[in-house]
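Engineer: Sharing a structure with you now.
The values are calculated or read from the model by the stated rules, or taken from the named source; none is laboratory data. The structure displayed is predicted, hence computed values, not measured ones. Note: ideal-geometry Cβ built from the backbone for every residue, glycine included; neighbour counts use all protein chains shown.
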């Protein structure tokens with residue numbers, strides 16, 4: 001699993017915007033942000049674009065539908081049009097876990113880092129990448145499951161991934177002890193330059209095994 005160029009979240013709101021409000025950023029609803037008039041001259045895609053631009057966090061199509069007094073199907077059509085519109089632009093529509101948000105194009109990351117004076121994105125260790133790959137492809141998963149696949153304790157690695165915001169706790173599994181379930185986050189997609197989990201490269205375990213044997217001077221293909 002190789003690190004790709006990261007996204008940067010489109011967020012026009014600085015901290016000052018929320019300091020003078022009684023509600024915290026986490027308690028804002030879509031209706032708190034904007035209430036477009038029915039006679040708005042803007043198109044559906046323009047209205048959705050405006051809402052996504054000011055949204056402080058990823059939102060569901062249902063939230064957009066309630067604000068615009070439309071059906072989820074109409075919102076999805078508008079989102080699809082935005083995706084097509086942004087294909088060759090500096091902004092992209094990112095989907096994760098039923099929510100959407102605006103991000104900048106991964107191809108623009110180098111220039112954005114330079115413009116904002118940011119340091120290069122920190123690299124993940126091999127253990128972190130290994131753990132993250134297991135979670136990404138098998139989510140939701142528990143830490144004991146990750147441990148069994150890796151063959152070593154993954155507690156410290158997963159704590160590190162949690163602190164970086166690329167994985168999250170989403171509940172508890174049924175069964176003895178009810179271990180915590182983990183999944184990836186929108187930040188995971190941003191770190192690897194993905195629009196959605198559907199862009200993850202397909203797993204080809206047999207080819208990986210064959211390549212490993214070739215590297216060791218063995219060419220025999222293992223078959224059951």
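Engineer: Yes or no: region 86-104 includes at least one residue that is part of a helix (DSSP H, G or I), under 17 Å from the mean Cα position of the chain (by Cα) and surrounded by fewer than 20 Cβ atoms within 10 Å (Cβ to Cβ). Spell out how you get there, then give the answer.
Structural biologist: Filtering region 86-104 for residues part of a helix (DSSP H, G or I) gives none.
So far as region 86-104 goes, no, none of its residues is part of a helix (DSSP H, G or I), under 17 Å from the mean Cα position of the chain (by Cα) and surrounded by fewer than 20 Cβ atoms within 10 Å (Cβ to Cβ).
Engineer: Quickly run through region 82-92 and pick out the residues that are over 14 Å from residue 52 (Cα atoms) and either in contact with a strand residue (DSSP E or B) (Cβ under 8 Å, 6 or more places away or on another chain) or modelled with pLDDT of 95 or more (or both).
Structural biologist: 90
Engineer: Another one. Just to be sure I understand, how many residues within region 42-85 are part of a loop (DSSP other than H, G, I, E, B), over 22 Å from residue 112 (Cβ atoms) and in contact with a helix residue (DSSP H, G or I) (Cβ under 7 Å, 6 or more places away or on another chain)?
Structural biologist: Count: 1.
Engineer: Right, next: One residue is enough: does region 143-154 have a residue meeting the conditions assigned to a loop (DSSP other than H, G, I, E, B), over 14 Å from the mean Cα position of the chain (by Cα), farther than 30 Å from residue 53 by Cβ and in contact (Cβ under 8 Å) with a residue 40 or more places away in the chain?
Structural biologist: The answer is no; no qualifying residue exists.
Engineer: Looking at (1) modelled with pLDDT of 90 or more; (2) in contact with a helix residue (DSSP H, G or I) (Cβ under 6 Å, 6 or more places away or on another chain); (3) outside the structural domain of residue 188 (by TED's automatic domain parsing); (4) under 20 Å from residue 183 (Cβ atoms), which is the only condition residue 96 fails?
Structural biologist: Of the numbered conditions (1) modelled with pLDDT of 90 or more; (2) in contact with a helix residue (DSSP H, G or I) (Cβ under 6 Å, 6 or more places away or on another chain); (3) outside the structural domain of residue 188 (by TED's automatic domain parsing); (4) under 20 Å from residue 183 (Cβ atoms), the odd one out for residue 96 is (1).
Engineer: What single numbered condition from (1) over 19 Å from residue 170 (Cα atoms); (2) without any contact (Cβ under 8 Å) to a residue 24 or more places away in the chain; (3) touching a helix residue (DSSP H, G or I) at 6+ places or on another chain (Cβ under 9 Å) fails to hold for residue 128?
Structural biologist: (2)
Engineer: Within region 141-174, work out how many residues are within 20 Å of residue 202 (Cα to Cα), touching a strand residue (DSSP E or B) at 6+ places or on another chain (Cβ under 7 Å) and surrounded by fewer than 16 Cβ atoms within 10 Å (Cβ to Cβ).
Structural biologist: So the count comes out to 0.
Engineer: Kindly indicate whether any position in region 153-162 is under 22 Å from residue 58 (Cβ atoms) and touching a helix residue (DSSP H, G or I) at 6+ places or on another chain (Cβ under 9 Å).
Structural biologist: The answer is yes, given that some residue of region 153-162 is under 22 Å from residue 58 (Cβ atoms) and touching a helix residue (DSSP H, G or I) at 6+ places or on another chain (Cβ under 9 Å).
Engineer: Another question, then. Please verify whether residue 24 is out of contact with any helix residue (DSSP H, G or I) (no Cβ under 6 Å at 6 or more places or on another chain) and modelled with pLDDT under 90, treating the condition exactly as stated.
Structural biologist: The answer is yes for residue 24.
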